[in-house]
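As structure tokens, the structure follows; a few thoughts come after it.
The values are calculated or read from the model by the stated rules, or taken from the named source; none is laboratory data. The structure presented is a predicted model; accordingly, all values stated were derived computationally and were not measured. So basically every Cβ, Gly included, is an ideal-geometry build from the backbone, and we count neighbours across all protein chains shown.
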Amino acid sequence: MTTTRLPKTITAGALLATPIPPVKWIIPGLLPAGLAIFVGPSKAGKSWLTLWLCLQISQGKSVWGREIEPRTVLYFSLEDTLGRLQERLYQLVDAEEDPERLILQTESNGIGQGLEKQIVSFIHTYPDISLIVIQNEPILYRAYYTLAITTGLRRGELCALQWRDITGACELTVRRSRSCASGQIVESDTKSHRERIVTIPLGIWELLMALRQQQVLHSGVPDREQPIFTDPDGHVPHPDTFTRHLRKLYKKCGLPEEYHLHTLRHFYATYLLQEGTSKQVAASLLGHADTAWVRAQTANETVSENDYLFRQPNGKPMNPCTFTYRFKLILKANNLPLDLNVHSLRHTNASLLIAQGVDVRTVASLLGHAQASTTLDIYAHAFDKNKRKAQEKLGKAIGL
């Protein structure tokens, strides 16, 4: 059957005479071929439902009484890690099932930045793909956090940005700060009581424009004095919302619990200084009234023989408890026994030396023991193993 592209206007007679192909359904009466947008309020279970639908379609199982054919499905679950997807699949898939026609992807480039090529590549690899699902991190948070890490703006400064503060292409003017005090949202001037102009990367500019387009589609053209970071309906989130959401992202990615939103600002400052940016320029970009803070972070840039090897950015010695705390986090992240400690590394070093046949006096010297007898007392079990190995070697040598 041949089809003809329909004009914008057509007579009823001509329409009756024009062959039009029937609608192709992925899920009969529910999901047609073409573009579909699945939206809903936060935490309503969209990601769970999406994964379940992908599983049902890939296995040809009925959906709410609708019989469907099995199809290959490509699911871009960009809010998830493979670990989180695996946990959910364990709950949704029976032991005897093998959903091999569901292809999962947790990373991708953005639209216009390689996503299209990535999809085409998948289609060439899996030519029978019938459904492509893209679940993305809300653009509100992506724009907020990427702007934070690429400009070093404070949380309150980000929350107070309005559309009128976009004063040029890839340019923002920071004028105010928005914070929470005694349970009330308070808006004031910046911490340094100065306005400053911030240049932003083109990719971040495009993210902001995409956020604006989303707001236009949902609630019309935003007022110039409307905050930039609002939900699609124009509601202004509480500043703590961005902090809590970022902590969830940190946890999902296995990053240290002590990281917070202000960590992005410190990352930006550290990057500037490592790239050779002058203290005066760094202070200006960070919105500091003077260079005192920057000087404090780089107080001992010139390293002398009297400096500590492990020190803070300002040159002061590290607190020993910091290493113990960080080591415990590493143990926990890798499911290692929590009764181990930093001193366990010293015992490991000694045991490896002994296992390699290093003599007791050398081991004692390396460990800083005044007497070799101290080393023998502590690591007697390790030396006993070496004694047994020596006896075995001697027995082989004399033919026993």
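List of remarks:
- Residue ranges of helices (runs of 4 or more DSSP H) in the stretch 93-181 with at least 2 members within 21 Å of Ser47 (Cα to Cα), modelled with pLDDT under 90 and not polar (S, T, N, Q): 115-125, 139-151
- Residue ID - modelled with the lowest pLDDT, chosen from residues in the stretch 57-72 that are of a type in the set (Lys, Arg) and assigned to a loop (DSSP other than H, G, I, E, B): Arg71
- Checking each residue in the stretch 189-218 for being assigned to a loop (DSSP other than H, G, I, E, B) and more than 22 Å from Cys170 (Cβ to Cβ) picks out Lys191, Ser192, His193.
- Looking across Ile37, Ile26, one residue alone is out of contact with any Cys (no Cβ under 6 Å at 6 or more places or on another chain), without any contact (Cβ under 8 Å) to a residue 24 or more places away in the chain and not polar (S, T, N, Q). It is Ile37.
- Residue in the stretch 59-66 that is aromatic (Phe, Trp, Tyr) and loosely packed, with under 10 Cβ neighbours inside 10 Å present: yes
- Among residues of the stretch 196-224 that are touching a residue at least 12 places away in the same chain (Cβ under 8 Å), those with a beta-carbon under 7 Å from a residue that is small (Gly, Ala, Ser) and in a helix (DSSP H, G or I) at least six positions away or on a different chain give the pairs Arg196/Ser284; Leu207/Ala143; Leu208/Ala143; Leu211/Ala143.
- Taking residues in the stretch 346-357 that are more than 13 Å from His381 (Cα to Cα), and partners anywhere that are in a helix (DSSP H, G or I), the pairs with Cβ atoms closer than 6 Å and at least 6 places apart or on different chains are Leu353/Val363.
- Residue that is farthest from the chain's Cα centre (by Cα) [pool: residues in the stretch 114-137 that are without any contact (Cβ under 8 Å) to a residue 24 or more places away in the chain and under 29 Å from Phe229 (Cβ atoms)]: Glu116
- Residue check, Val221 among the aliphatic types (A, V, I, L, M) and in a loop (DSSP other than H, G, I, E, B): yes
- The lone criterion from (1) closer than 20 Å to Asn136 by Cβ; (2) touching a residue at least 60 places away in the same chain (Cβ under 8 Å) left unmet by Leu49 is number (2).
- Candidates Ser62, Ser108 - the one that is within 21 Å of Leu249 (Cα to Cα), among the small types (Gly, Ala, Ser) and out of contact with any His (no Cβ under 9 Å at 6 or more places or on another chain): Ser108
- Test for Asp165: is it surrounded by 15 or more Cβ atoms within 10 Å (Cβ to Cβ), acidic (Asp, Glu) and more than 27 Å from Val39 (Cβ to Cβ): yes
- Evaluating Thr241 against the criteria (1) in contact (Cβ under 8 Å) with a residue 12 or more places away in the chain; (2) more than 22 Å from His288 (Cβ to Cβ) leaves one unmet condition, (1).
- Put simply, of Thr173, Thr190 the only residue that is in contact with a Gly (Cβ under 8 Å, 6 or more places away or on another chain), surrounded by 13 or more Cβ atoms within 10 Å (Cβ to Cβ) and under 23 Å from Ala283 (Cα atoms) is Thr190.
- Annotation for the stretch 315-326: at least one member residue is farther than 30 Å from Glu187 by Cα, at pLDDT below 80, hydroxyl-bearing (Ser, Thr, Tyr) and under 27 Å from the mean Cα position of the chain (by Cα).
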